[in-house]
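The values are calculated or read from the model by the stated rules, or taken from the named source; none is laboratory data. Just so it is clear, the structure is predicted and the values come from calculations on it, not from any experiment. With ideal geometry, Cβ positions are generated from the backbone for all residues, glycine too; neighbour counts draw on all protein chains shown.
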Amino acid sequence: MSAPRARILYIDDDPGLCRLAQKDLQRQGYVVEIATDGASGLARIAQGGIDVIALDHYMPDQDGLETLACIRNLAEPPPVIYVTATQEGRVAVAALKAGATDYVAKDVQGEFLPLLQRAIDSALDGVMLRRAKEAAEAESTRNWQLAQCIVDTIRDPLVVLEHDMTIVTANKAFLTIFGITEAEMRGRRVSELGQHQWDVPALRHLMEKVLQENKPIESFEIEDDFPGLGRRVFSLNARKVFRPGNHTNRMLLVFEDITDRKQRERDAQMLTNEISHRIKNNLQIIAGLIAYEARSTVPPYVQGYKAMESRIGAIAQLYDLISQSSRGGTIAADAYLRKISKAMSASLLGHTSGIEIEVKAEALDIDADRAVPFGLLVNELGTNAIKHAFPDGTGRVVLSVEQVGDQIELTVADDGVGMNNKESAKLSEKRGSDYVAIFVRQLGGRIMPAEPAETGTIIRIRLPSLLTPPDGVERVAA
């Protein structure tokens, strides 16, 4: 189905010129109606359906400017092309100031008609653009109103910020919780609200990145005293938002009150620490009893007692770390290795030994759920090195942990007598590989092939990511 043709109303008191213009414009595909004076033209316009008006200036009783003024007073006036004589430049200017879309200087021969057609085409294009813009703005307004209704139903406080960080709007939850009116809030910066609890440099830096780099804010925590609320902890999340229709970049900032959750986490951490402290004490008592028994045991069995004491000591050191930690589900690798080193030294070496244990570890955190087999693995390898690598009673054992790609490499190295190929094949006889293999399997790792060493022995074990970098969630406490 073809599109409807545009309807043109030509108002002029010259019947011959009217017919000339009508025939020419109809050949161009327009529907053209004629009015020979301003009053009849206004009456036709009032009936509706006119897309563009061509209006002559000189007419009896009511000239073109008077008629134009009446047209402009209508609710939705069509665009007007003002038609003047060639020498009437001042009239054309007056018509444009009065609201005419364009003007054309006419002549009696009709040579102005191509100019009139182009002016009509331009006016119609302008109408289409204006209507499209109005439709887009109306749709944008409806969407924005719908979004505001949805926002007001959200329980968490939230605000929408302009590019300069001033508040455009806030939901009812924000106004209610923070005790502020919409008038007090609008146009102000978040950092200016309340007692400046949100005026945090780290937060300002992250908020700038939201709009500049489209980088969201995830779980940024602020703890402070808020009037009427007391001590609270809020988790802030922000996203860049785009409002259709006006290409404006804004930011949605949500405040989640996590005070109760944080208190539960703290209570759980306190309980974990207390239980871990008691487990550590009980394990140390057991280790002490084993050490006491070892003193009265015949020499062939002393080493077994000491190995058992060392293993229990390694587990005790883990619970000692947990009882002192505020990390939650992770244990610091370097601190854990130092604790294990200390326990092995105490149970196996004594104060007069010539064997030293050194720790080299990156700043990584161990998953607490797998820390026990990890600690026992380190203890087993270290104990075996102490027992077999130094027949003369002097040397050094190095315990190290480092990130290798997406895995972790545990290395236990000594500068002792080393092992020949035959002894390497019989690792279970001299290095307790049965225990080592069990712990490696529990951790999902693998023992790496041995590399030639000038002195001593190097055992490298590659493990999956049971270690993770320290928690990156930023938190600010006032």
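Test of understanding: among ARG370, ARG441, which residue is basic (Lys, Arg), modelled with pLDDT of 85 or more and assigned by TED's automatic domain parsing to the domain that holds ILE312?
ARG441
Picking from ASP63, ASP56, ASP37, ASP102, which residue would you name as being in contact (Cβ under 8 Å) with a residue 40 or more places away in the chain, of a type outside the set (Lys, Arg) and in the same structural domain as GLY126 (by TED's automatic domain parsing)?
Exactly one residue qualifies, and that residue is ASP56.
Looking at region 88-104 only, could you name the residues that are surrounded by 16 or more Cβ atoms within 10 Å (Cβ to Cβ) and either among the small types (Gly, Ala, Ser) or in a loop (DSSP other than H, G, I, E, B) (or both)?
If the condition is that a residue be surrounded by 16 or more Cβ atoms within 10 Å (Cβ to Cβ) and either among the small types (Gly, Ala, Ser) or in a loop (DSSP other than H, G, I, E, B) (or both), then GLU88, ALA92, ALA94, ALA95, ALA98, ALA100, THR101 are the ones that fit.
Please verify whether region 262-283 includes one or more residues that are under 24 Å from the mean Cα position of the chain (by Cα) and over 30 Å from LYS339 (Cα atoms).
So far as region 262-283 goes, no, none of its residues is under 24 Å from the mean Cα position of the chain (by Cα) and over 30 Å from LYS339 (Cα atoms).
Counting only residues that are surrounded by fewer than 21 Cβ atoms within 10 Å (Cβ to Cβ) and not basic (Lys, Arg), which one in region 4-16 is modelled with the lowest pLDDT?
PRO4
Can you tell which of LYS306, LYS280 is in contact with a Phe, Trp or Tyr (Cβ under 6 Å, 6 or more places away or on another chain) and part of a helix (DSSP H, G or I)?
LYS280
For region 1-41, which positions are in a strand (DSSP E or B) and hydrophobic (A, V, I, L, M, F, W, C)?
ILE8, LEU9, ILE11, VAL31, VAL32, ILE34, ALA35 - these are the residues of region 1-41 that are in a strand (DSSP E or B) and hydrophobic (A, V, I, L, M, F, W, C).
To keep it simple, each residue is scored yes or no on (1) under 18 Å from the mean Cα position of the chain (by Cα); (2) without any contact (Cβ under 8 Å) to a residue 12 or more places away in the chain; (3) at positive phi.
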residue	(1), (2), (3)
ILE150	no, yes, no
VAL159	yes, no, no
MET165	yes, no, yes
ASN171	no, no, no
GLU192	no, yes, no
HIS196	no, yes, yes
ARG204	yes, no, no
ASP224	no, no, no
PHE234	yes, no, no
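Any residue at all in region 26-33 that is more than 56 Å from the chain's Cα centre (by Cα), among the hydroxyl-bearing types (Ser, Thr, Tyr) and either over 19 Å from THR84 (Cβ atoms) or surrounded by 15 or more Cβ atoms within 10 Å (Cβ to Cβ) (or both)?
No - not one qualifying residue is present in region 26-33.
Among (1) outside any strand (DSSP E or B); (2) closer than 16 Å to LEU17 by Cα; (3) out of contact with any Leu (no Cβ under 9 Å at 6 or more places or on another chain), where does THR84 come up short?
Evaluating THR84 over (1) outside any strand (DSSP E or B); (2) closer than 16 Å to LEU17 by Cα; (3) out of contact with any Leu (no Cβ under 9 Å at 6 or more places or on another chain) leaves (1) as the failure.
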